[in-house]
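Engineer: Structure below; questions to follow.
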Amino acid sequence: MRLVKSARVAAMVGVLALSGGALAACSSSGSGGSSTSSAAGGTYTWWDPYPQHDASSDWAKRVDTCGTAAGVSIKRTAYDTTALTNQALLAAQQGTSPDIILLDNPAVSTLASTGMLNTTESLGLDTSNIDPNLLAAGVMDNKTYGIPIGANTLALYYNKTILDEAGVDPASIKDWASLNAALAKVKAAGKKGITFAGIGTEEGSFQFLPWFWGAGAKLTNLDSSQAISALSLWSDWLNKGYAPNSVITNSQNTTWEEFLTGSFAFGENGTWQVNSAAKASFPTGVIQIPAENGGAAPAPTGGEFLTIPVQKDTARYATTKKIVECMTTTAGQVKTATTFAYYIPPTAAGQAQLLAEDPSLKPWVEAVKAAKGRTSDNLGTKYPKISEAMWTAIQKALSGSLSPADALAQAQQAAAKATS
């Protein structure tokens, strides 16, 4: 077990403060901080990014159940995603880290880089059954710092009515050429083609990554020919009228609202819209985002990891481990998936059990199997800097202020400088 290097934590807190992360929290059951109770019994502290789920929610009850199974009570505190990372870093600096933090997966490497998180190996937590592509977001320098509770990702929703009218079979869409052909038919039929989120934030990068990776591009080389091909695809959609100019400022929520108007043939969005799609005023379906030359493109993974901060009282780890193991059994994974309705279990056994209960989720299980963590390839804390350069390039190309090649050349220079 490593003790937290407070200077490194303080430096990271300063960086995040400069980035504008809010520190206000929404607590479901009081303030955080480690309890001084002994490892046997007592109260264990838990932080998560779900302030929308209060103490009466199914989620809170599920967390409490795992505490009870471990012989302790749990004091749960919920923050929004950005505030959670900031508060975690501050708590580590002050020596008041909670026993468990459920972190958005890109934040795992941020906290691990400070030395404030235990590795799963040091705690004896088994991760061998976790799909490697999903576990990768919690790996840094060949060490694993958490366990995913589930994953979500992106795919293409489609409006069956529009595709039928345009004579498009969604099963025929296997690559970019066939997708472009479908969009041309939709436009010829007098309908709108595709909407997505190209906003100048992490959401824009998140939505661009399937096309970027699907072209074979790498985040360490933003101006490669493959990257230019991906950004040219998006830019061409606007130029040809396949996508609206609104995508430049669309968040994932606003692009979904556009799709729900029934005016678009396709909408790029995530697992979290499954229930909303089922209630749409038109029949919907889902296909994988195609790679340039065929097959499913790797889409970025969303979802959270259970992490265990370093504690002065190391006797607490045994009980903390029991809580984590309770949350990550096959039954526990499926319970998480059904509680939130938008998570896919991170193991083959969990996915099989989920599909037995709801076969309609098969496209999403397949999408998650092809997905990739944003901080994978050992990018760790470099990813946010690379992502900012990338979404800036997206904005410049979609607005027409620069060509895709020139925008990405600038992005590569900015990313290289920021990560050197």
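The values are calculated or read from the model by the stated rules, or taken from the named source; none is laboratory data. Remember, predicted model here, so these are calculated numbers, not experimental data. Virtual Cβ from ideal backbone geometry, glycine too; neighbours counted across all protein chains shown. Accessible surface is based on the protein model in full, side chains and every heavy atom, while ligands, DNA and RNA are left aside. Shrake-Rupley method; radii C 1.70, N 1.55, O 1.52, S 1.80 Å.
Engineer: Return a whole-number percent for the relative contact order of region 286-420, with Cα pairs under 8 Å and 6 or more residues apart as the contact set.
Structural biologist: With pairs under 8 Å counted, the relative contact order is 22 percent.
Engineer: Please report the accessible area of F206 (heavy atoms, 1.4 Å probe, ligands and nucleic acids excluded) in Å², nearest 10.
Structural biologist: The accessible area of F206 comes to roughly 10 Å².
Engineer: Which values of log₁₀ I(q)/I(0), to two decimal places, follow from the Debye formula for region 220-370 at q = 0.13, 0.21 Å⁻¹ with a uniform point scatterer at every Cα?
Structural biologist: -0.80, -1.38
Engineer: While we're here: Where the centroid of each part is defined by its Cα atoms, how far is region 167-196 from region 77-100 in Å?
Structural biologist: Spelled out, the Cα-based centre of one part sits 46 Å from the other.
Engineer: Follow-up question, since we're still on this one. Assuming a ≥ b ≥ c are the square roots of the Cα gyration tensor eigenvalues, decide whether region 37-150 counts as rounded (a/c under 1.5), prolate (otherwise, with a/b larger than b/c) or oblate.
Structural biologist: Rounded.
Engineer: Let me ask another. Mind pulling the angle between the C-alpha long axis of helix 6-18 and the longest principal axis of the chain? Nearest 10 degrees, somewhere in 0 to 90.
Structural biologist: That works out to roughly 40 degrees.
Engineer: With the contact rule set at Cα under 8 Å and sequence spacing of 6 or more, what percent relative contact order holds for the chain?
Structural biologist: 23 percent
Engineer: Once amide H atoms are placed 1.01 Å from N in the peptide plane, what residues at a sequence separation of 5 or more from N269, or on another chain, have their amide H within under 5 Å of its amide H?
Structural biologist: Close amide H contacts, sequence-distant or interchain: A155, Y157.
Engineer: Among A112, T153, L179, flag the residue with its Cα farthest along the positive direction of the charge dipole of region 98-189, charges on Cβ as +1 for Lys/Arg and -1 for Asp/Glu.
Structural biologist: L179
Engineer: Cross-link candidates for K143: which lysines have Cα within less than 25 Å, leaving aside residues fewer than 8 places away along the same chain?
Structural biologist: Excluding near neighbours in sequence, the set is K5, K218, K312, K321, K322, K369, K372, K382, K385.
Engineer: Hey, another quick one. Mind ranking 49-59, 228-238 by how tightly packed they are, going by the mean number of other C-beta atoms within 10 angstrom, highest first?
Structural biologist: Per-residue mean Cβ counts within 10 Å order the peptides as 228-238, 49-59.
Engineer: So if R0 is 45 Å, what FRET efficiency would T201 and D313 give, r being the distance between their Cβ atoms, rounded to the nearest 0.05?
Structural biologist: On the way: r = 40 Å, r/R0 = 0.88.
About 0.70, to the nearest 0.05.
Engineer: For region 171-221, what is the charge dipole size about the Cα centre, in debye to the nearest 20, if Lys and Arg each add +1 at the Cβ and Asp and Glu each add -1 at the Cβ?
Structural biologist: About 320 debye.
Engineer: Find the relative contact order for region 150-227 and round it to a whole percent, using C-alpha pairs within less than 8 Å whose residues are 6+ positions apart.
Structural biologist: 17 percent.
Engineer: Restricting attention to region 289-341, which trypsin sites (Lys or Arg not before Pro) occupy a DSSP loop and are surrounded by at most 16 other Cβ atoms within 10 Å? Walk me through the numbers on the way to the answer.
Structural biologist: Details: sites: K312, R316, K321, K322, K335; in loops: K312.
For trypsin sites (Lys or Arg not before Pro) across region 289-341 that sit outside H, G, I, E and B with at most 16 neighbouring Cβ atoms in 10 Å, the list reads K312.
Engineer: Rounding to the nearest 20 debye, state how big the charge dipole of the chain is about its Cα centre with +1 on each Lys and Arg Cβ and -1 on each Asp and Glu Cβ.
Structural biologist: Dipole of the chain, to the nearest 20 debye: 520 debye.
Engineer: Right, something else. So in the chain, what percent of DSSP beta bridges are antiparallel if you round to the nearest 5?
Structural biologist: Of all bridge pairs located within the chain, approximately 65 percent are antiparallel.
Engineer: Related question: Tally up the carbon and sulfur contribution to the accessible surface of region 265-315 as a whole percent, 1.4 Å probe, everything protein left in place.
Structural biologist: It is 49 percent, rounded to a whole number.
Engineer: Given the Cα-Cα distance of D377 and T339 and 0.36 nm per residue of separation, how much length would full extension add, in nm?
Structural biologist: 10.6 nm
Engineer: In Å², what does the accessible area per residue of the chain work out to with a 1.4 Å probe?
Structural biologist: Each residue of the chain exposes 39 Å² on average to a 1.4 Å probe.
Engineer: Please give the helix 404-419 orientation as an angle from the longest Cα principal axis of the chain, in degrees from 0 to 90, rounded to the nearest 10.
Structural biologist: It works out to around 10 degrees.
Engineer: Measure nothing but the geometry: give the 0 to 90° angle between the long axis through the Cα atoms of 81-94 and the longest principal axis through the Cα atoms of the chain, rounded to 10°.
Structural biologist: Here the helix axis deviates by roughly 30 degrees.
Engineer: What value, in deg cm²/dmol to 500, does the helix sum -39500 (n - 2.57) over DSSP H runs of n ≥ 4 give at 222 nm once divided by the residues of the chain?
Structural biologist: Taking each H run of at least 4 residues, the total per residue is -13500 deg cm²/dmol.
Engineer: Mind checking region 191-221 for trypsin sites (Lys or Arg not before Pro) that DSSP puts in a loop (not H, G, I, E or B) and that have at most 15 other Cβ atoms within 10 Å?
Structural biologist: For trypsin sites (Lys or Arg not before Pro) across region 191-221 that sit outside H, G, I, E and B with at most 15 neighbouring Cβ atoms in 10 Å, the list reads K218.
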